[in-house]
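What follows is a set of notes on a single structure, which appears directly below.
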Amino acid sequence: MPNNKWALHDFRTQFHQNTMEEPMMDGGGSAMKRAARSGANDDGVLRTDLVTRCSNVQRNIFNEPHCKISYHPDACVSVPLPDPSDSFRRSQYNPGGPLRKGGLVPDPVYKYTPPYAGEDYGGVVVCGSANEVAPDPMEDDTFDVTNRKLHAPVINYNAQKKGVWAEVILSAEDQLCQKMGWALSKIFATSTGTNADSSNSETNINVMDNFVTSCFSTYKDVVKKVSFNEEMGAQLTFLRNKAVHTDWHLRKKLAWPDENYARENLQLHSIGLIKLHDDGTPILDQFDRRIPNYNQKHIFTAAKIWTGFNPSYRRGNYEDLDWATTSYLDPLQISSISARDWFPKIDFESGYIGDTYPLCADLPRKHFLKKNAKYRLLGGSHQPLWHWQSDSTYYDQEFEHLTLTSNSSLYEKLCNPKSTQPPATSLAAGTGSAEYNAALSSAPLCQGSESFCDSNSLLEGRGVNEANPHNTIDDCTDGTDTTYDESVKKIVVSTMTGDDLRGGELVKIEATVISNRIGDVVDFYYTDDATSDPHNWLFITRVSPPVAENIVSVPNTDFPEITYTLPKCVSPEGCRQAVRVVLRSRRAQSRHSNLSTRPKSTCESDKPYGIYDDADDLVFDVLPSYRAKDLCEFQTLVTLDENLLCDKRECAVDTVRVVEVVPGVYYEYIHAPCVYLPFYNNPVKLFA
């Protein structure tokens, strides 16, 4: 090196501190991106693939209270992002090396880099795991990490695992806890003989760590850690256990959940075979016979409890198996809603588990606003963790959620608002009155910031009868038959609060149309960038207006206005956005069935049935959005401490799954505990 300096290569793997209390704020995304490789991979596809995995621990029952929202631009997720079309292969298992010889198909980086990471977006929830501390580089505290491709014949990993464990229990300062851990390991017996991860040191010693770190906990905590441990799930075979109805619905196959862990948990981990006095002597019946604690029906129903448990996803920052796609270190997840048994289960006192809970059908209206209702922070992702929602909605920009207003009591509880100043901008003030300027836009344009944008008289008429045909920002033209006066006459976009148009604001569209036939429809669209080509038009709604000239609304409803939320704007210069209003006439005979479904295109004037249509756009400037991190002090879990009153659209629904607190930041409502009462033909056969 320069200046006659020398560097000694340290061959040890670098691990980072990622504890539950202090998770890595980038989730390990910076290292993941630095190590990623680009080029033609084993499967022949040109792309950027993982070398180092994301270290963000999947949320679980242990770490969730400590998870944090991160606005780091490199924040990553360890759970692959949804891919509705399944356009990539999900890490197929081919033992033994590159794809053509076996091994894992490399994972593309984009599966783990969410689009909502960064200070201008909704943020990523990052989590750590218990005792995931960084090694001290000045201490010789390392062990060899498995690498079956390089060292498998050389290093005896099974012996190393025992050696590391022996050194810890003999030299650790917490000898009382070490002895308690040893005693607990004799009650909750596990063996690596049934575990696919039999060689790794870290993941196997973690089983003993669970006992040692429970030294000052309760026995219930120990049972919980054991029950969510992957090694126990594999050994006592409740891993990926499925409810009866899962195979019944899918394959008409009658199969009951595995009873192994249910039996062992009752016999060895909890109440035991027979009833005992406090001094440990058996309780006898009137015939001096020992009284059993449970029988086969209790084992049968307890097995239903241990359904829907799946491994966590494989991640970085710990020793893992390079041929596996799942984690052998992190706790199990109850992630399969379809495999989970949701039905009543008997207890040991001739009753049912959950007898003290209400029926789900009897929950009060708007229970999501009642005291003790719980919410889970999702950050920039709107995919719920506990409710089922199709992956197809993940990239669907038209999929709507209940958006809270700043006047909402629920907003106050979830946002925990900060005092903040509007984002700096160079966008000048405007008048709100649209003008036509062919050099800037081929449709009426409101320049500058204002609380509204009004097209005034610029849109009157249709086709050649308009002042500046065709008043659209793309190639969409109006219908050619102008025999009848059917047209979009005027468009006004304004905020609901009276504040200036700004990314993230809720706005209403007031469209004045002239309709001459019952059954005509008006379609509403918006785009986040009126300057792009092509334009990404997103559908808002469809309304059938009355005959004659009217401002389009949805009559006889609590919310007659046509509303939508202005898309996010991150540019300090502001953004130029647009709305489109299309009047589709039913006058053409070939149009009759076409108007009963959502249109496939924003412009159909070139179709035979589109000769009477009128499509008009209104373009306007919006101010940069408030950043979520500046608006709210988000908490990972929120429990309502009082009953709340509903506000506007909250009053129109009985319950929710996911709510949008501020644009791009979501919370999931954790449903109150309740009991479902399903009805099935011949339920005795299926659920006895």
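Between helix 296-305 and the chain there is an angle of about 40 degrees, using the helix long axis and the longest principal axis of the Cα atoms. For the chain, adding -39500 (n - 2.57) for each run of n ≥ 4 DSSP H residues and dividing by the number of residues yields -4000 deg cm²/dmol at 222 nm. From most to least packed by mean Cβ count within 10 Å, the peptides 497-505, 393-401, 23-31, 363-371 give 23-31, 497-505, 363-371, 393-401.
Remark: spin-label model distance A7-D533 equals 4.9 nm, labels positioned 7 Å along the Cα→Cβ axis.
Quick check: the distance between the Cα centres of segment 633-664 and segment 496-574, to the nearest angstrom? If we compute the Cα centre of each part, the gap is 25 Å. For a straight C-alpha distance cut-off of 16 angstrom, the aspartates and glutamates reachable from K304 (same-chain residues fewer than eight places away being disregarded) are D247, D258, E259, E264, D341, D347. Going by alpha carbons, how many degrees (0 to 90, nearest 10) lie between the helix axis of 175-187 and the longest principal axis of the chain? Tilt relative to the chain: about 90 degrees.
Each residue was assigned an accessible area with a 1.4 Å probe, and for Y484 the value is about 100 Å². Once you divide the Cα radius of gyration of the chain by 2.2 N^0.38 Å, the number left is 1.18. Here segment 399-443 is scanned for amide nitrogen atoms under 14 Å from the site 7 Å beyond the Cα of K371 along Cα-to-Cβ, giving none. For K508, the lysines whose Cα comes closer than 29 Å to its Cα, not counting residues fewer than 8 places off in the same chain, are K366, K413, K418, K489, K490, K568, K600, K629, K648. The calculated pair-distance distribution of segment 400-556 uses every alpha carbon pair, bins of 5 angstrom beginning at 0, and gives 1, 7, 13, 19, 20, 15, 11, 6, 4, 2, 1, 0 percent. Taking amide H as placed 1.01 Å from N in the peptide plane, T541 has its amide H under 5 Å from the amide H of F524, each at least 5 places away in sequence or on another chain.
Using a/c under 1.5 as the rounded threshold, could you call segment 194-306 rounded, prolate or oblate? The axes a ≥ b ≥ c are square roots of the C-alpha gyration tensor eigenvalues, and prolate needs a/b larger than b/c, oblate otherwise. Because a/c hits 1.5 or more and a/b fails to exceed b/c, segment 194-306 counts as oblate. For a paramagnetic label modelled at 7 Å from the Cα of L268 toward its Cβ, which residues of segment 169-186 fall within the zone defined by backbone nitrogen distances under 18 Å? Counting only backbone N, you get 181-186. Reducing segment 458-475 and segment 233-257 to their Cα centroids gives an inter-centroid distance of 62 Å.
Using the average count of surrounding beta-carbon atoms within 10 Å as a protection proxy, the listed peptides 285-296, 237-248 rank, highest first, as 237-248, 285-296. Selection among A578, P417, G233 by position relative to the dipole of the chain gives G233 as farthest towards the positive end (Cβ unit charges, Cα centre).
Where does the charge balance sit around N265 when Lys and Arg score +1, Asp and Glu -1, over other residues with C-beta under 14 Å from its C-beta?
+3
Computed with a 1.4 Å probe over protein heavy atoms only, the accessible surface of the chain comes to 51 Å² per residue. Peptides 644-655, 112-123 ranked from most to least packed give 112-123, 644-655, packing being the mean of other C-beta atoms within 10 angstrom over each peptide's residues. Full extension of the chain between T405 and E573 yields a length gain of 57.9 nm, computed as 0.36 nm times the residue separation minus the alpha carbon distance. One decimal place: the segment D630-K297 gains 114.3 nm when fully extended, by the rule 0.36 nm per residue minus the C-alpha distance. Helix 201-212 and the longest principal axis of the Cα set of the chain meet at an angle near 80°.
Size of segment 526-592: Rg and Dmax of its alpha carbons, in Å, are 15.7, 50.
The values are calculated or read from the model by the stated rules, or taken from the named source; none is laboratory data. Computed from a predicted structure; not experimentally measured. Every residue, glycine among them, receives a Cβ derived from its backbone with ideal geometry; neighbour counts consider all protein chains shown. All accessible areas refer to the heavy atoms of the entire protein, side chains included, with ligands and DNA or RNA removed. Shrake-Rupley method; radii C 1.70, N 1.55, O 1.52, S 1.80 Å.
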